[in-house]
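Down below is the structure, laid out as structure tokens.
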Amino acid sequence: MGVARIEQLPPPGAREIAFAGRSNAGKSSAINALARQTRLAFASRTPGRTQQINFFDLRSGAVITDLPGYGYAAVPHAIKEAWQEFLWNYVTTRDTLIGLVLIVDARHALKQQDFDVLGGFLPSGRPVLVLATKADKLNQSGRRAAIAAIEQGLRERVPEHVASTQVIAFSAVSREGVEAADAVLAQWLAA
């Protein structure tokens, strides 16, 4: 199910895990890799294709939500601002949201808008998993440096919430990090 406005959100019920990230960071590819499907979430080379919150029911009864990308998107400014307001409202007020998977292109680290989303979500005490996507595009030392840079950014910008945040190098292409991310999400759902 897809919703484009706050009033269209389904009533709170099943536990939800949200996937958020900048446009073109690999959010849809990460969801597909974790679901072991190829076209559950539509992945496009064009940033800004996800224009609503898409809800995916899991066999366990939980729900995965694919949020509109923030940052660069090839859409009119007014539409982009509406997405960002909708995203902010969902992330900061949704009672059934148990965790946030923040998708970050490993080659670009965390940006201000990522910290803005974290700033709205982390004070709730709910956990965050940062997937450093497109790790296959970096060599081994580049991956280590990318993870270290993300972790350093978290320590500097949100030090009081580092304990509730995990970072995993991830690639939908090579499948790196899929099992580790599965384990984290299973732990959230079991709690």
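The values are calculated or read from the model by the stated rules, or taken from the named source; none is laboratory data. Only a predicted model underlies this, so the values are computations on that prediction, with no experimental measurement involved. Cβ: placed from backbone, ideal geometry, glycine included. Neighbour counts: every protein chain shown.
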Pairs only if they're at least six apart or on different chains, beta carbon under 7 angstrom, first in the stretch 142-159 and in contact (Cβ under 8 Å) with a residue 24 or more places away in the chain, second part of a helix (DSSP H, G or I); list them, first residue then second. R143/A135; L154/V162; R157/F115; V158/L118; V158/L122
Given (1) of a type in the set (A, V, I, L, M); (2) buried (at least 18 other Cβ atoms within 10 Å of the Cβ); (3) at pLDDT below 80, number of the condition V101 does not satisfy: (3)
Identify all residues within the stretch 150-171 that are closer than 26 Å to N32 by Cα and assigned to a helix (DSSP H, G or I); write none if there are none. I150, E151, S164
Within the bounds of the stretch 36-54, is there any residue that is more than 25 Å from A169 (Cα to Cα), at pLDDT 65 or above and surrounded by fewer than 17 Cβ atoms within 10 Å (Cβ to Cβ)? yes
Any residue in the stretch 76-100 that's under 17 Å from R22 (Cα atoms): show its pairings with residues that are modelled with pLDDT of 80 or more and of a type in the set (F, W, Y) at Cβ separation under 7 Å, as long as the two are six or more apart or on different chains. V91/F121; L100/F121
Among the candidates S141, S174, which residue alone is surrounded by fewer than 19 Cβ atoms within 10 Å (Cβ to Cβ) and part of a loop (DSSP other than H, G, I, E, B)? S174
Pairs only if they're at least six apart or on different chains, beta carbon under 7 angstrom, first in the stretch 164-181 and of a type in the set (K, R), second crowded, with 19+ Cβ neighbours inside 10 Å; list them, first residue then second. R175/A33
Out of L129, L185, L122, L110, sole residue that is under 17 Å from the mean Cα position of the chain (by Cα), assigned to a loop (DSSP other than H, G, I, E, B) and of a type outside the set (D, E, K, R): L110
Against the condition within 27 Å of D95 (Cα to Cα) and touching a residue at least 60 places away in the same chain (Cβ under 8 Å), how does L118 come out, does it pass? no
When you go through D66, D116 one by one, which is the residue that is in contact with a Lys or Arg (Cβ under 9 Å, 6 or more places away or on another chain), modelled with pLDDT of 85 or more and either among the hydroxyl-bearing types (S, T, Y) or under 15 Å from R22 (Cα atoms) (or both)? D66
